[in-house]
2 protein chains.
Amino acid sequence: MPPSPSRVTQADVARHAGVSRTTVSFVLSGREDMRISIEARRRILGAAEELGYRPNLTAQSLRTRKTHTLGLVSDTVAGTPHAGGMIQGALEAALERDHLLYFAESGGDPAAERKLLQGMLDRQVDGLVHAAMSTGRRRPSEQMRSRPCVLLNCLDDSGEFTCVVPDEEEAGRQAVRLLLEAGHREGVHVVGGRHLTDGTPEGVYAGRERMRGVEAVMAQAGLRLGGVSECDWSAPEHGYAAVRGLLDSPRRPTAFVCCNDRLAFGVYQAACDSGLAVPRDLSVVSFDDSELASWLRPSLTSIALPHRELGRSAVSLLLSPEGPQPAVHRVPMPVRRRGSIAAPHR
Amino acid sequence: MPPSPSRVTQADVARHAGVSRTTVSFVLSGREDMRISIEARRRILGAAEELGYRPNLTAQSLRTRKTHTLGLVSDTVAGTPHAGGMIQGALEAALERDHLLYFAESGGDPAAERKLLQGMLDRQVDGLVHAAMSTGRRRPSEQMRSRPCVLLNCLDDSGEFTCVVPDEEEAGRQAVRLLLEAGHREGVHVVGGRHLTDGTPEGVYAGRERMRGVEAVMAQAGLRLGGVSECDWSAPEHGYAAVRGLLDSPRRPTAFVCCNDRLAFGVYQAACDSGLAVPRDLSVVSFDDSELASWLRPSLTSIALPHRELGRSAVSLLLSPEGPQPAVHRVPMPVRRRGSIAAPHR
DNA sequence: GTGAAAGCGCTAACAA
DNA sequence: TTGTTAGCGCTTTCAC
């Protein structure tokens, strides 16, 4: 009747060791409360070893209702170069607690997401993580409520979920502080801004938060921004277009706060075309710390998106003994000091 | 006794519909061989709907010995920006066949890999994929043999596994053909080569294969390479260092075949510093087609690593009705024509 | 100290 | 056409 060649079971081990299945179960699950004779334990362990016994976690789950398995569904993080770190972090934290991870992507389609979550739920996952490629507000599927869950790199409006997001506002503050420390006062220009585009008319979470931090520190120092070039963050060309003209003007900016490394790359390209050198003629500070930052010449000072740490935190929270509590956790964004900032000269 | 609030089961549905559990099972699993009265079917479906019945796949698996679940373990693909496409491809193919994917990374540590595979096996996965970040030969863990499996982006020496890899040699041929088509004959220089470094004294699979393709087409056209700069592929600076001197020489190359986009970026940087323009003064063709290729000015013609397709194929093969057969599948690498190639002028 | 027996939710012979 | 019954491999109560 068994449809396929079956593996060694506890029953086999019991037979081999000359004890009952119950005893085997106790010994193999390492329970101390039932006292088993040292001799029986030895025989059982020996038999298990010899037969190459491996527990069938599927059967175990059916009984215990714990699968030691988590589900992670994202819109599209695996496809986003650096966001993969979130998965790695989640994985690490899960493994440390002996859990495995189902991973899937919805591509942003709610119907697809529901189907994926359902698949995971049907497989009795112990918990769920909903991850987003870029930080923002999301409305998690109803199914998320049927199990412990946490929102990774996104916020919800209800306030009923555990959310883990980068501390963008503080990052904005840091960016400006780096420039002020180097002696910049006037001529500080922002590239990217809130990321106001047709697709994102209100801007984007990271943009709004970073700008808030940037403006707060400037105000606090009694200074004003030289200007803000609102533009699409998606590719270097937009950064290039935003600053190309500025660089040839007589009152050109001396420092740029770029909302991500791609825009900073565009600024570098524009600088090259204008015969200007970074950081001698203009300082640049950026966000994200993608590999691009270290590839650029000179290498780019950037404030990192703590992808890995976000992933770790999300799973740690999910698997914490008390379970995830409704709250927003903001993870610090580390500053990576490199070679793109110098004192203004002129 | 139930440790946690239990979900709706088939028994509940049966009670509600006034039939036996068997009948419910037949109806819900959509089997046609047992004829069920239209009326009973209606009542059962209605009850299931009303109660919000969802199958417990864990229980189902225990009986059927199929979990509709696959395991994918890689060395470190999620951390490698573009290799994430492999995961996406694998995911897509799995979903199309109603399978979910366990995903994990070993970080290249064999002990960690064994542990991960064991965890998946204990959870009764139906099949296994072993993925590698960069193409090459690997010795898969013994456990891989205990289930159907395929090697993704890597080859094994035994020849007993199904392997899916990019067709690097053909890509090498294509790269040179692009240059020849544009009119280049002499002055074609390779940057990167086999990737001979301290860590990779024999070079790297992609390097060897690409070079083979490059040299074959050159020979076939009765031409010789202007030169090959063997260097580390890991960052633009190596490409920069490799060509900086060449560009100022009187007999400077007029076309570069760069072994990846990062090296090509280094060549662009060097060109900028030498006051040379791409593609007017020098043509560049590259491999990988990372985002960098489209960010560069002018955008870079590159031969893409078909990550997604690799992932798709691997899982399709794994889930094919006959199961994976020992063989090496080479996936074509698509050419992305952009703006970095022009006729040589001089 | 150890074992018999029940049951997790589902499938599938077999009988009715 | 439908129901009875026996497991899948494991945990756990309760009795010996």
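For the stretch A:121-236, the alpha carbon convex hull comes to 141 Å³ per residue, rounded to a whole number.
Taken one residue at a time, the phi angles of the stretch B:166-180 give Karplus couplings (6.51, -1.76, 1.60, θ = phi - 60°) of x, 8, 5, 5, 4, 4, x, 4, 4, 4, 5, 4, 4, 5, 5 Hz. Gly and Pro are set to x. Taken as Cα centroids, the stretch A:77-117 and the stretch B:201-279 sit 38 Å apart, rounded to the nearest whole angstrom. Charging the Cβ of each Asp and Glu at -1 and of each Lys and Arg at +1, and nothing else, the dipole of the stretch B:149-189 about its Cα centre rounds to 300 debye. Looking at the stretch A:300-346, the pairs of alpha carbons with a distance over 12 Å make up 71% of the total.
Give me the percent relative contact order of the stretch A:10-55, please, defined on Cα pairs under 8 angstrom at least 6 residues apart. After rounding, I find 45 percent. The calculated P(r) of the stretch A:24-155, using every Cα pair and 10 Å bins from 0, goes 11, 34, 25, 15, 12, 3 in percent. The B:Arg21 and A:Ile36 beta-carbon pair, evaluated with R₀ = 30 Å, returns a calculated FRET efficiency of approximately 0.20. Taking max minus min of the alpha-carbon positions on each principal axis, the protein assembly as shown gives extents of 84, 68, 60 Å, largest first.
Of all aspartates and glutamates in the structure, the ones whose alpha carbon falls short of 17 Å from that of A:Lys66, not counting any fewer than 8 places away in one chain, are A:Glu96, A:Asp98, A:Asp122, A:Asp126, A:Glu322, B:Asp122. Charge tally for B:Asp288 (other residues, Cβ to Cβ under 9 Å; Lys, Arg +1; Asp, Glu -1): -1.
Diagonalising the gyration tensor over the Cα atoms of the stretch A:205-271 and scaling each eigenvalue by 5 before taking the square root yields semi-axes of 21, 16, 8 Å, largest first. Which angle between 0 and 90 degrees, to the nearest 10, do you get for helix B:84-96 versus the longest principal axis of chain B when only C-alpha atoms count? Tilt relative to chain B: about 30 degrees. For the stretch A:168-305, the Kirkwood hydrodynamic radius from C-alpha pairs, put into Stokes-Einstein at 10 °C and a viscosity of 1.306 mPa s, yields a diffusion coefficient of 110 µm² per second.
Close amide H partners of A:Thr197, meaning residues 5 or more places away or on another chain with modelled amide H under 5 Å apart, are A:Gly203. Comparing Cα centroids, the stretch B:285-346 and the stretch B:152-187 end up 10 angstrom apart. The Cα atoms of chain A define a convex hull whose projected area, averaged across directions, is 23.2 nm². The simple Förster model, with R0 at 60 Å and r as the Cβ-Cβ distance, assigns B:Gln220 and A:Asp198 a FRET efficiency of 0.75. Using the Cβ-Cβ distance between B:Glu96 and B:Arg137 with R0 = 35 Å, the FRET efficiency computed as 1/(1 + (r/R0)^6) comes to roughly 0.70. Each of A:Thr69, A:Thr9 was scored by other Cβ atoms within 10 Å of its Cβ. Arranged with the fewest first, they read A:Thr9, A:Thr69.
Note on the stretch A:96-175: Rg/Rh from C-alpha atoms, Kirkwood Rh, equals 1.01. Scanning residues 5 or more positions from A:Cys163 or on other chains, those with amide H under 5 Å from its amide H are A:Leu151, A:Ala327, A:Val328, A:His329, with H placed 1.01 Å from N in the peptide plane. Per the Debye calculation on the stretch B:10-55 with a single equal scatterer at every Cα and no solvent contribution, log₁₀ I(q)/I(0) for q = 0.22, 0.26, 0.31 Å⁻¹ amounts to -0.62, -0.87, -1.23. Near A:Gly227, the amide H atoms lying under 5 Å from its own belong to A:Val190; only residues 5 or more places off or on other chains count, and H is placed 1.01 Å from N.
No value in this document is a laboratory result; all are computed from the given coordinates. Just so it is clear, the structure is predicted and the values come from calculations on it, not from any experiment. Using ideal geometry, Cβ is built from the backbone for each residue, glycine included, and neighbour counts are taken over all protein chains shown.
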